Amino acid sequence: MEEQELLDIVNDKDNVIGQDTKNNKFIKGLISRNVAIFILDNDGKLLITKRSSHKKSFPNRYDLAACGNVKASESYREAAEREVIEELSIKCNLKFLGKIFNEFKENDIKIKYFTGIFLGHFSGEVKLSDELVELKRLTSKEIEGLINENKDLFTPGFVKDFIFVKDKLKNL
């Protein structure tokens, strides 16, 4: 995503209060929206991707199958559908699992956003975008073990999103 692309800026209740660029969002500490998409394959394993070294936020860390900012005037669902195409070159039905507020600090910059969390099912081949360098298929139990061993392998958003959905995944 370009640094000058417009995002909806929201208040602490997730109501749109304006628009600004991605770059200004970081500089001004504004709250925006993003999506997190978990993808399960037919074996019940989650697709996990590794962010490339050139990503501005949390490079070289494992993350969701797909995630990204919600563009200005875009819905959470529209953003989720766009992100799975952009990052994995796939289409699948997505189920909305819920929304949480995320706040993290990286390089003395506060990152704040509401995250719409989705779940999809897909077992075919994926083609990673240049933002991603690796794909793993892991069970929830394997992910929990890795987080317990070294949560810094993952983005903070992934850890928080995974904690939010792990019990929901058991009921699928």
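Would you pick out the residues in region 41-80 that are farther than 13 Å from PHE122 by Cβ and among the charged types (D, E, K, R)?
LYS50, ARG51, LYS55, LYS56, ARG61, ASP63, LYS71, GLU74, ARG77, GLU78
I'm trying to understand the selection: among the residues of region 75-120, which are closer than 17 Å to LYS56 by Cα, basic (Lys, Arg) and touching a residue at least 12 places away in the same chain (Cβ under 8 Å)? Before the answer, list the steps.
Step one: filter region 75-120 for residues closer than 17 Å to LYS56 by Cα, giving 87, 103-113.
From the residues that got through so far, the ones that are basic (Lys, Arg) too are 105, 110, 112.
Answer for region 75-120, where residues must be closer than 17 Å to LYS56 by Cα, basic (Lys, Arg) and touching a residue at least 12 places away in the same chain (Cβ under 8 Å): LYS110, LYS112.
Quick grid of which residues meet (1) within 16 Å of the chain's Cα centre (by Cα); (2) part of a helix (DSSP H, G or I):
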| residue | (1), (2) |
| --- | --- |
| GLY68 | yes, no |
| ARG77 | yes, yes |
| ALA80 | yes, yes |
| ILE85 | yes, yes |
| PHE104 | yes, no |
| LYS110 | no, no |
| LEU119 | yes, no |
| GLU142 | no, yes |
| ASN148 | no, yes |
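Considering only residues that are surrounded by 14 or more Cβ atoms within 10 Å (Cβ to Cβ) and of a type in the set (D, E, K, R), which ones fall in region 119-149?
Hits for region 119-149 are GLU131, LYS136, ARG137, GLU142, GLU144.
Take the residues in region 30-64 that are within 15 Å of the chain's Cα centre (by Cα), hydrophobic (A, V, I, L, M, F, W, C) and outside any strand (DSSP E or B), then tell me which one is surrounded by the fewest Cβ atoms within 10 Å (Cβ to Cβ).
Looking at the filtered set, the residue picked out is PHE58.
Every number in this text was worked out from the coordinates using simple rules, so none of it is lab data. Just so you know, these numbers come straight off a predicted model, no measurement behind them. Here the Cβ is made from the backbone with ideal geometry for all residues, glycine too, and neighbour counts use every protein chain on show.
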